[in-house]
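Enquirer: Below you'll find the structure I mean.
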Amino acid sequence: MKSLPETLPNDTVTLHKMVQDYQFTVEQLQEKLSWYEEQFRLFQHRRFGASSEKHPGQMELFNEAESILDALAQGEGELDETITYQRKKPGRKPLSKHIPREVVRYELPEAERICACGHALHEAGEDKAEQLEIIPAQIKIIEHVQVKYGCLPVEMAC
């Protein structure tokens, strides 16, 4: 902004016109600033404000701990809780044992059953996966068995 006395005109009418133009510009900028501040406040309220999903009395559903403490404080005795349900175990349920099965074993050839240290590998376990194959008018289970191998050190060998 140029406000040096060398750049200002000496004519008062021109100076009044310049002041009015500056005042008009300042008013427009203040209106814009207030609009942006209001938008910012609305955004902050939407982001951090009270949720619109809240309902009156909703927090009363979750006051179990307070009610237990109140009951203990009033001397209503011990509160015994027993678990009346069993938790579900994770994983899939096994397929029916009555369906015919086809077992496919994946084993290493004899030549590859040698450890890097020179000892023979022995079976250390196996992984099983069941796949249900549905053929029209025929159902069977293909059981995939992958044999695991491990090295037996000399001390543990027979």
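Enquirer: Fully extended, how many nm does the chain gain between residue 144 and residue 98 (0.36 nm per residue separation, minus their Cα-Cα distance)?
Expert: So the extension gain works out to 14.8 nm.
Enquirer: What relative contact order, as a whole-number percentage, does segment 101-156 give when Cα pairs under 8 Å and 6 or more residues apart are counted?
Expert: Here the relative contact order equals 45 percent.
Enquirer: To continue, here is another question. When the Karplus curve 6.51 cos²θ - 1.76 cosθ + 1.60 is applied with θ = phi - 60°, which whole-Hz ³J(HN,Hα) does each residue of segment 85-92 get, with x for Gly and Pro?
Expert: Computed from phi, the couplings for segment 85-92 are 9, 10, 6, 6, 7, x, x, 7 Hz.
Enquirer: Same structure again: If I model a spin label at residue 135 and residue 16 as a point 7 Å from the Cα along the Cα→Cβ vector, what separation in nanometres do I get?
Expert: Each label point lies 7 Å from its Cα, and together they span 10.5 nm.
Enquirer: Now, a different point. Can you tally the net charge around residue 146? Count Lys and Arg as +1, Asp and Glu as -1, for every other residue whose Cβ sits under 12 Å from the Cβ of residue 146.
Expert: -2
Enquirer: Using a cut-off of 15 Å between beta-carbons, work out the net charge of the residues near residue 107 (Lys and Arg +1, Asp and Glu -1, residue 107 not included).
Expert: Net charge around residue 107: -2.
Enquirer: Follow-up question, since we're still on this one. Rounded to the nearest 0.05, what FRET efficiency do residue 152 and residue 106 have when you use their Cβ-Cβ distance and R0 = 22 Å?
Expert: 0.55
Enquirer: For the pairs 89/140; 97/128; 88/140; 97/148; 93/140, flag any whose C-alpha to C-alpha distance is greater than 19 Å.
Expert: Among 89/140; 97/128; 88/140; 97/148; 93/140, the Cα-Cα distance tops 19 Å for 89/140; 88/140; 97/148.
Each reported figure results from applying straightforward, stated rules to the coordinates on display, with no laboratory input. Remember, predicted model here, so these are calculated numbers, not experimental data. Note that each Cβ is placed from the backbone with ideal geometry, even for glycine, and that neighbours are counted across all protein chains shown.
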